[in-house]
Amino acid sequence: MSEQKEKRAQTSGKCQLCNETFSKQAMSRHLKSCIEKSASPKSATDRKAKAADTFLLSVEGRYLPHYWMHLEARTEATLRDIDELLRHVWLECCGHLSAFTINAKRYDVVREDDSWGFMGEEEEVEGMDVSLDDTLAPGQKIDYEYDFGTTTDLTLKVISRQASRPLKKPVEILARNEDPQIPCDYCGAPAKKICSYCVFEGGGWVCNKCKRKHKCEEEAFLAVVNSPRTGMCAYEG
Ligand SMILES: [Zn+2]
Ligand SMILES: [Zn+2]
Ligand SMILES: [Zn+2]
Ligand SMILES: [Zn+2]
C-alpha cells in the first residue's frame, strides 16, 4: 500500500452546476454555496418549480481517497438509491452484496433468506429501503462496503442539508474526481492496465508497452478505470 500512497495525486474535479474546477476539500465548501445559488430561481419557469431540501454528500475510497464524488440527494431518496448509483458509476462487477453502516447499525441489501447471515446475531441489520431523511443528519459519517470478499470500502459524509432546486433524479452527481493518471511501474507513462493479483501490494500498474515486463499471467490484467474498484475482482468500468 505504501507505493500506492506515493502515487496518490491530489485529484480535482469539475462542479456540474457552474463548471468550475476545485480540489476535493474546496469542492465541499464550494458546493454548499453553489447549491444555495441554484435554489434561488432566476426565471419565471423556475419559480413555479417548488424548491425542496436536499442532502449534500461526499463519498471517497476509504483507502484510495483520490477517488471521490459529491452527490446531491432528495431527502426522500433511499439508501438503495445511493447504493444503485455507487454500483452504476464506480463498483458493479458481478452483483456482489453491499452494506451501509451508520451509527453502528448495518443496512444491508435485503436477502431472500434472512437466516443466511454471516454477521453477528447481536448486530442490528436493516434493509436499504429507508429514506435518507430518516437515517442521515449533517456531519454524519457513513461506511459502505461493496463485495464482502474483495471488498471496496467507501466513506460517505453528510456535508449539509439545504434548500435546493428540484432534482431530476433521486440522487445526482455534482462533482467527481478527474482521472488520477497513475504512472506505469516501469516507464512512468499513464498506466492502462492493472494487475489484479498485485494491486493489493500497490504494484502492477503498467502501460500497454511495458505489460509484458510484468510477470503475472495475462488473465490477471484489468483495464485501468477511474474508480476505487480499479484492479479488483473483474471490474473494468
Ligand atoms: Zn459550482
Ligand atoms: Zn466481482
Ligand atoms: Zn510503461
Ligand atoms: Zn501481478
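The numbers here are math on the coordinates, done by the rules we state, and not lab data. All values derive from a computational prediction rather than experimental measurement. Cβ placement follows ideal geometry from the backbone for every residue including glycine, while neighbour counts extend to all protein chains displayed.
Taking the stretch 124-220, how much of its Cα-Cα pair set, in percent, is spaced more than 15 angstrom apart? Within the stretch 124-220, distances greater than 15 Å cover 75 percent of Cα pairs. A cut-off under 13 angstrom between Cβ atoms defines the neighbours of Thr151, and their net charge, with Lys, Arg +1 and Asp, Glu -1, is -2.
Rounded to the nearest Hz, the phi-derived 3J(HN,Hα) couplings of the stretch 185-200 under the Karplus curve 6.51 cos²θ - 1.76 cosθ + 1.60 (θ = phi - 60°) are 4, 9, 10, x, 5, x, 5, 10, 10, 10, 7, 6, 7, 9, 4, 6, where x marks glycine and proline.
For the stretch 181-237, the equivalent ellipsoid derived from the Cα gyration tensor has semi-axes of 15, 13, 9 Å, listed largest first. What is the sum of charges, Lys and Arg at +1 and Asp and Glu at -1, for the other residues whose Cβ falls under 14 Å from the Cβ of Tyr197? With Lys, Arg at +1 and Asp, Glu at -1, the neighbours total -2. Around the amide H of Ser12, modelled in the peptide plane, lie the amide H atoms of Glu178, all under 5 Å away and 5 or more residues distant in sequence or on another chain.
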